[in-house]
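Every number in this text was worked out from the coordinates using simple rules, so none of it is lab data. Given the structure is predicted, the values throughout are model-derived calculations rather than measurements. Positions of Cβ are backbone-derived with ideal geometry, glycine not excepted, and every protein chain shown enters the neighbour counts.
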Ligand code: NAP
């Protein structure tokens, strides 16, 4: 019986509710440490005559002084002790997971402790708790209604408690099926997505499906972090075997990388890191994936380039547009024109790569071989939007980097007027497969990864 609130009245109500629950036949009672302290050891002992008792400690703000909290809990003989704090950084998860190891090794305490972190950043501790000896872990019976599947545990901007008993709680199906939380051994290889936010990604579904398909003892975790210094230390403590990197860390992560490949050097950014004998090595599969997808689309072997007079137009001037310029350059395309909503930004972007620019309203006057759309317009949930009108879709082929939905309105309009189309989902899967191979050295199970992505996307309301 978790009692939220303070003061003697609330504590009395908690005690009374616990006693009623025990009398009604409840077999396991969760009693807050504050209620136990106010009721006294005799009352707790009396409760234990009718039901098993968990004495629990919650910190809804931070993770600190967990050993002092554990001493406070141990003062009451109990069937289980629960230590739950709030993760504000990745190393908080490590604190709790390491504590579980210590507690389970203490004489007479094996199997008595539950420990994990609340909050979106605490997801790794919830997923790994059982593998590190937590007696059990809490999960919501069902995913909150209408939540984006991969954010079922982290509805940023919404009520963080919607459908959940605690902030950051995962639902039971996700914990069991995606993360295999009950079957992970203590030394499972750990991978994940570093970023802030991370809840929008379908990478968790795709990479965990790949590990399952290859029967690999590995799991891919959401690693929400804004403090890279702390993340570096946490990565050693988990320890992580590799991770994907997303906004806003793709450039800043290079400060911690000891070896980077050509794609990283060309882009000045990395989206994939692997750990080899403690050293961080990086690649950029956003670019490598784009090159591979375009090669496949145009039927080019690894030695072939795009034709000499091939002309491309890129709509957008952000990070993905940058990757497109580098990828097209690697394929030998020298005729690239850029456009976007903010002429000054587009000019700055074009200058940095020595490219031409074109105004958005001039699109349509000239025909290109390829148009690449690199803005978020048309992305879920705004699927009815297209940045370009049919008359502006002026290319033999259109590549929309958006992968959710796999076929955007822009691609439908392009197809309707006879252009060939390439979906961002193709590129996403290609780059995810390259990440898998970079980390594991094994061939990626593309079919299963694609199925996982499709099912995840199909669940979107
Ligand atoms: P970004 O760095 O934030 O850049 C976004 C670009 O879109 C900027 O040029 C921005 O213009 C423009 N933009 C944003 N909202 C706009 C609007 N309402 N109207 C017109 N232009 C708008 O983002 P990014 O990383 O480049 O990502 C762009 C897209 O690529 C996203 O949809 C992302 O999901 C997709 N992507 C896909 C993959 C994949 O694997 N398939 C990989 C990476 C990215 P301002 O500069 O004026 O704001």
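Fewest to most neighbouring Cβ within 10 Å: what's the order for 179, 298, 220?
Final ranking by Cβ density, sparse to dense: 298, 179, 220.
So how far, in whole Å, is the C-alpha centre of the stretch 240-295 from the one of the stretch 377-401?
Centre-to-centre (Cα) distance: 29 Å.
Binned at 5 Å from 0, what are the whole-percent values of the Cα-Cα distance distribution for the stretch 216-268, short to long?
That works out to 4, 14, 29, 24, 17, 9, 1, in percent per bin.
For the chain, what is the mean residue ellipticity at 222 nm derived from helices alone (per DSSP H run of n ≥ 4: -39500 (n - 2.57); sum divided by total residues; nearest 500 deg cm²/dmol)?
That comes out to -10500 deg cm²/dmol.
Take the alpha-carbon centre of the stretch 337-362, take the same for the stretch 431-456, and report the distance between them in whole Å.
Cα centroid to Cα centroid, the span is 34 Å.
Of all DSSP beta bridges in the chain, what percent run antiparallel (nearest 5)?
Bridges in the chain are about 15 percent antiparallel.
Restricting to the stretch 220-367, compute how many DSSP beta bridges are antiparallel as a %, nearest 5. Present the calculation step by step, with values, prior to reporting the outcome.
Details: 8 of 17 bridges.
Within the stretch 220-367, antiparallel bridges account for around 45 percent of the total.
Which three lengths, in whole Å and largest first, does the chain cover when its Cα atoms are put on their principal axes?
The principal-axis extents, from largest down, are 86, 45, 39 Å.
Under 1.5 on a/c is rounded, so check that first for the stretch 255-369, then, if it is not, pick prolate when a/b is larger than b/c and oblate when it is not; a ≥ b ≥ c are the square roots of the alpha carbon gyration tensor eigenvalues.
oblate
Please report 60, 368 as a ranked list, fewest other C-beta atoms within 10 angstrom at the top and most at the bottom.
Numbers: 60 12, 368 21.
Going from least to most buried by this count: 60, 368.
Once R0 is set to 45 Å, what does the formula 1/(1 + (r/R0)^6) return for the Cβ-Cβ distance between residue 256 and residue 43, expressed as a FRET efficiency to the nearest 0.05?
According to the calculation, E is roughly 0.30.
Could you tell me whether the stretch 157-238 comes out rounded, prolate or oblate from its Cα gyration tensor? Rule is a ≥ b ≥ c as square roots of the eigenvalues, rounded for a/c under 1.5, then prolate if a/b exceeds b/c, otherwise oblate.
Judged from the Cα gyration tensor, the stretch 157-238 comes out oblate (a/c at least 1.5, b/c at or above a/b).
Pop a pseudo-label 7 angstrom from the Cα along the beta-carbon direction at both residue 233 and residue 17 and give the gap in nm to one decimal.
3.7 nm
Give the peptides 282-293, 246-257 in descending order of average Cβ contacts within 10 Å, highest first.
Top of the packing list down: 282-293, 246-257.
Give, to the nearest whole percent, the P(r) tail of the stretch 296-443 beyond 20 angstrom, counting all Cα pairs.
So the pairs more than 20 Å apart make up 48 percent of the total in the stretch 296-443.
Quick check on the stretch 202-306: take the gyration tensor over C-alpha atoms, sort the square-rooted eigenvalues as a ≥ b ≥ c, and tell me if it's rounded (a/c under 1.5), prolate or oblate.
Here the stretch 202-306 falls in the oblate category.
What does the highest-first list of 321-331, 121-131 look like by mean Cβ count within 10 Å?
121-131, 321-331
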